[in-house]
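Report on the following structure.
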Amino acid sequence: MRALQARRSELLAKKQQAGERLDFLGFQLQEIDALDPKEGDEALWQERLKILAAAETILEKANSLVDDLHQKDESVYGVLARSLPAAEYLAAMFPDFAPLKEEIDRFYAALPEISAQLGALAARVEFNEGELNETAEKLARLERLKAKHKLDLPGLLRRAEQMRAERDGLVNLQFDLADVEQEIAQALADYRARMERLRQARRQAAKKLGQLVVKELAQLEMAKARFEARVEEAEPDAGNVAEDGTDRVEFYFSSNPGQPPGKLKDVASGGELSRLMLVLKSISGDEPGATFIFDEIDAGIGGKTAEFVGEKLRQIAARNQVICISHLPQIARFADRHFLIRKEVRGNQTFSSAAVLERGERVREIARLMAGSAINADVLKAAELLLSRRPE
């Protein structure tokens, strides 16, 4: 669809510019077609111009040569005719002269043919001032065209063919546009068929996802929560097609009984969003390599629910990087690494710091989360035991 739409936009843009471009191409081609040069014409015209410019001299030389060789009384032909008996006598007297006698005979016999060919050549030459001027003008126009297009004659002929092809293409734009419109209509019909299959699959997946999320939320002390994945349908047209379809999936959520679900992004608190994200990412099987940050995920929970949250976080962390801020030891114990975040005020300014905790420090911080400031040996032992139970 996008390729066809791009093609249509290109054709429409060309159509808007077609009139001006057609005028330009028509003018350029008119100049070339008026001269109508062919391959090799330049050499032919140059040769013809040279002959026409020297026509009088050519005729004079040719006629003079015909007279001297054959026509005049004292022509070469006449002289040889009178000399043949002497040559024949010498050949009879001196046998070694016979080959020369044969050469004289051949030359004598060739003179009429030579004369006839000279006469024919002279007949082809006629001083014609009109043709002379016309040929000179053709060559001048050709030179101007070559200079204008910065091409030699073969290049100029190729350029003319290209311009004719472009002109024909512009003339046929309306037909091309009609063909593209027909292809777009067919592509849209194909798109709608695929879109309907995707819509049906999404409806089924949305129902299944809603049931799974509600079931998981119940284990996070949100048994009354409602979650829906709604497929908000939008019919495809040539202007809204997209790779992922024209329908949109929106999550709806309600954490309180009697309250209708609203759009998740509008009604969920930070803690609720964290828990929903935890549930969604634990069941979605996303490609590995993402980073997820969870804050307030432990708000209002404890006991087995906290254990469940920690287990879900661990599952996600097996494929991705998980950063979780927590105050519950049941959740914190699942982490691979622990950082202690501190805030302190120095000189009326607040500073935050983060420090990596080693094994002993981890035990103490887990103990502090368990018992506050009343840390004793029993609490430390319990913290040690809790950390030792962290699944591998």
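See the values below:
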| item | result |
| --- | --- |
| In degrees, nearest ten, helix 377-388 long axis to first principal axis of the chain (Cα) | 30 degrees |
| Potential extension, ILE323-GLU129 segment - 0.36 nm per residue separation minus Cα distance | 60.0 nm |
| Segment 273-392: equivalent-ellipsoid semi-axes (sqrt of 5 x gyration tensor eigenvalues, Cα, Å) | 25, 19, 13 |
| Where trypsin sites (Lys or Arg not before Pro) fall in DSSP loop in segment 111-165, at most 13 other Cβ within 10 Å | LYS150 |
| Positive dipole terminus of the chain, leading residue within TRP45, VAL363, VAL345 (C-beta point charges) | VAL363 |
| Principal axes of the chain: Cα extent on each, largest first, Å | 156, 53, 51 |
| Distance between segment 320-375 and segment 48-113 - C-alpha centres, whole angstrom | 126 Å |
| Trypsin sites (Lys or Arg not before Pro) lying in DSSP loop within segment 177-243, provided at most 16 other Cβ fall within 10 Å | LYS224 |
| Proximal lysine pairs, segment 2-174, alpha carbons under 29 Å, eight or more residues apart or interchain | 21 |
| Low-density loop cleavage sites - GluC sites (Glu not before Pro) in segment 267-360, where at most 11 other Cβ are within 10 Å (DSSP) | GLU358 |
| Cα gyration tensor shape of segment 137-201, rounded if a/c is under 1.5, else prolate or oblate by comparing a/b with b/c | prolate |
| In range of the label at GLU296: residues from segment 319-356 whose backbone nitrogen is under 15 Å from the point 7 Å along Cα→Cβ | 325-327 |
| Kirkwood Rh in Å, taken over segment 195-267 so that all alpha-carbon pairs contribute | 13.5 Å |
| Förster radius 41 Å - calculated FRET efficiency between ARG337 and LEU177, Cβ distance, rounded to 0.05 | 0.05 |
| Candidate lysines for bridging to LYS281, where Cα separation is under 28 Å - those fewer than 8 sequence places away on the same chain excluded | LYS207, LYS208, LYS215, LYS224, LYS263, LYS265, LYS304, LYS312 |
| GNM top mover of GLN16, GLN117, GLN200 - the chain, alpha-carbon springs below 10 Å | GLN117 |
| Distance histogram for segment 2-174 (every C-alpha pair counted, 10 angstrom bins, percent rounded to whole numbers) | 8, 20, 16, 14, 12, 10, 8, 5, 4, 2, 0 |
| Two-site FRET efficiency, ILE114 against LEU90, from Cβ-Cβ distance with R₀ of 25 Å, rounded to 0.05 | 0.50 |
| Length added when fully stretched, GLN204-GLU344, from 0.36 nm per residue minus Cα-Cα | 45.2 nm |
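Each value in this text was obtained by applying a stated rule to the coordinates, not by laboratory testing. Keep in mind that this is a model prediction, so the values were computed, not measured. Backbone-built Cβ (ideal geometry, glycine too); neighbour counts: all protein chains shown.
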